[in-house]
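Asks: The following block contains the structure, expressed as structure tokens.
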Amino acid sequence: QVQPVESGGGLVQAGGSLRLSCAASGRTFSSLTMAWFRQAPGKEREFVGAISWRGGSTYYADSVKGRFTISRDNAKNTVYLQMNSLKPEDTAVYYCAAGFTVADVSAGYSYWGQGTQVTGSS
């Protein structure tokens, strides 16, 4: 069983930066693909990015490519989402997810955190 817990959300001005963390309990963390999704009010949950279990491969949605970076530290059972050049449209609840394969849809992940709010102000 893996339980992701997100932290680091908050309010940031447009153009600013924020780093989210996701600490996941469980001995299998290092073998899991980790991903970030987000859900804005009134919208469906959308894929932000994912990182392979060794960290050698990363995948991003076009909307965040070049601005967001995913990394992981398997020794700390933690994955990070560095968000730069934030825009008001990045405002959403950000969720950390864990799964066994790389996927850009929610159904590809078995374990989910409770989410953390990120608000980008204009």
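The values are calculated or read from the model by the stated rules, or taken from the named source; none is laboratory data. This one's a predicted model, so the numbers in the text were calculated from it and none came from an experiment. Heads up, the Cβs are rebuilt from the backbone with ideal geometry, glycines too, and the neighbour counts pull from every protein chain shown. Accessible surface areas use protein heavy atoms only, side chains included; no ligands, DNA or RNA. Shrake-Rupley method; radii C 1.70, N 1.55, O 1.52, S 1.80 Å.
Asks: Percent of accessible area on the chain owned by carbon and sulfur, 1.4 Å probe?
Replies: Numbers: 2930 of 6200 Å².
C and S fraction of accessible area: 47 percent.
Asks: Let me ask something additional. Within the range 33-77, list the residues whose amide N lies under 16 Å from a label point set 7 Å along Cα→Cβ of S25.
Replies: The answer is 77.
Asks: Measuring with a 1.4 Å probe in the full set of protein chains, what accessible area per residue, in whole Å², belongs to the range 34-74? Please list the in-between numbers first.
Replies: Numbers: 2190 Å² over 41 residues.
Heavy-atom accessible area per residue stands at 53 Å².
Asks: Taking the alpha-carbon distance from K87 and a cut-off under 20 Å, which lysines remain once sequence neighbours fewer than 8 residues away in the same chain are dropped?
Replies: Answer for K87, where 20 Å is the Cα cut-off: K43, K65, listed by chain and number.
Asks: Between F100, F68, F47, which gets the highest mean-square fluctuation from a Gaussian network model of the chain, Cα cutoff 10 Å?
Replies: F100
Asks: Say R0 is 30 Å: what FRET efficiency, to the nearest 0.05, do S85 and E46 get from their beta-carbon distance? Let's see the in-between values first.
Replies: Working: r = 18 Å, r/R0 = 0.61.
Between S85 and E46 the formula returns 0.95.
Asks: With the calculation restricted to Cα positions, what are the radius of gyration and Dmax of the range 13-122 in angstrom?
Replies: 13.1, 41
Asks: Let me ask you something else. Express as a percent, rounded to the nearest 5, the fraction of DSSP beta bridges in the range 5-122 (both residues included) that run antiparallel.
Replies: On the way: 35 of 39 bridges.
Antiparallel bridges: around 90 percent, rounded to the nearest 5.
Asks: Let me check I've understood the local charge: for D90, count other residues with C-beta under 10 angstrom from its C-beta, Lys and Arg +1, Asp and Glu -1. What total comes out? Walk me through the numbers on the way to the answer.
Replies: Values: positive: R38, R67, K87; negative: E89.
With Lys, Arg at +1 and Asp, Glu at -1, the neighbours total +2.
Asks: Please sort by residue number the trypsin sites (Lys or Arg not before Pro) in the range 1-48 whose DSSP state is loop and whose Cβ has at most 15 other Cβ atoms within 10 Å.
Replies: Values: sites: R19, R27, R38, K43, R45; in loops: R27, K43, R45.
Answer by residue number: R27, K43.
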